[in-house]
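Each remark here refers to the structure printed beneath this line.
The values are calculated or read from the model by the stated rules, or taken from the named source; none is laboratory data. In this text the structure is predicted, and so the values were computed from the model without any measurement. When we count neighbours, we look across all protein chains shown, and the Cβ atoms used for this are built from the backbone with ideal geometry, even at glycine. Heavy atoms of the whole protein, side chains included, go into the accessibility calculation; ligands, DNA and RNA do not. Shrake-Rupley method; radii C 1.70, N 1.55, O 1.52, S 1.80 Å.
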Amino acid sequence: MHRPDTVESPPFTGHAELAAAARGDRCAFESLVRQHTPRMYRVALRIVGESTEAEDAVQDAWIAAWRALPSYRGEAAPATWLYRVATNAALSRLRGRKSTVPLDRAEVWVTEPTDAAPGPEASALHADDAARVHRALSTLESSQRAVLVLREFEGLSYEEIAEVLETSTSAVRSRLHRGRASLLAVLRTSADEDGSHG
């Protein structure tokens, strides 16, 4: 599988396409794959931290989606359903690991700014900060990592995240609070270590 281009994909939409795919329309399903693989890859990469494993997770996700389509009745929005499949596939990959990815092996996906292009110094700082955050993210436990990715990087609401993760909004808020605290602690430690080597 070729690595999907890490570019912005359109927001998850497509009630009609998903419904058609659920009826066995392969063209509709292939259209969903083309449209939404970049977003699913981005979510998977931020959760698993490695590009090869993220690619495998996306493949797993689409296989699971195809198999689950006959039971899709539209109770969940297409966005929620696709996020759930992608997140579950990535979390399954994490559960299959013996440990988290070491900081020096974690890969990053840097979101390019959409406003006017910054100067070279600002671009370097942006990339460096993004790298720090993503590497720190890779050290967190899976439940915290998933909720942080969905909230802080994908911009989902508490209610949407609760539906994706099939839990309560109070559980989402709790995991997010713990995850932010853990992430901040890792970032502070990383900054202190960099300062001591400076």
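The figures follow:
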{"quantity": "Hits in the range 23-73 - residues which are part of a helix (DSSP H, G or I), more than 26 Å from residue 145 (Cα to Cα) and small (Gly, Ala, Ser)", "calculated": "28, 31, 71"}
{"quantity": "Breaking point among (1) touching a His at 6+ places or on another chain (Cβ under 9 Å); (2) open to solvent by 30 Å² or more (accessible area, probe 1.4 Å); (3) of a type in the set (Lys, Arg), for residue 84", "calculated": "(1)"}
{"quantity": "Residue pairs meeting the criteria (Cβ under 6 Å; at least 6 apart or on separate chains; first closer than 14 Å to residue 90 by Cβ, in the range 144-173; second in a loop (DSSP other than H, G, I, E, B))", "calculated": "150/156"}
{"quantity": "Residue list for the range 27-50, filter: under 12 Å from the mean Cα position of the chain (by Cα) and among the polar types (S, T, N, Q)", "calculated": "37"}
{"quantity": "Residue match in the range 45-54 (condition: modelled with pLDDT of 85 or more and more than 30 Å from residue 183 (Cβ to Cβ))", "calculated": "no"}
{"quantity": "Filter pass, residue 37 being in contact with a Ser or Thr (Cβ under 8 Å, 6 or more places away or on another chain) and either of a type outside the set (Lys, Arg) or modelled with pLDDT under 90 (or both)", "calculated": "yes"}
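One line per residue, one yes/no per condition, for (1) of a type in the set (Asp, Glu); (2) within 13 Å of residue 92 (Cα to Cα); (3) open to solvent by 10 Å² or more (accessible area, probe 1.4 Å):
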residue	(1), (2), (3)
30	yes, no, yes
35	no, no, yes
40	no, no, no
44	no, yes, no
52	no, no, yes
56	yes, yes, yes
60	yes, yes, yes
66	no, no, yes
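Residues checked against (1) open to solvent by 30 Å² or more (accessible area, probe 1.4 Å); (2) over 20 Å from residue 55 (Cα atoms); (3) assigned to a helix (DSSP H, G or I); (4) at pLDDT 85 or above:
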site: 109; (1), (2), (3), (4): no, no, no, no
site: 114; (1), (2), (3), (4): yes, yes, no, no
site: 118; (1), (2), (3), (4): yes, yes, no, no
site: 140; (1), (2), (3), (4): no, yes, no, yes
site: 160; (1), (2), (3), (4): yes, yes, yes, yes
site: 164; (1), (2), (3), (4): no, yes, yes, yes
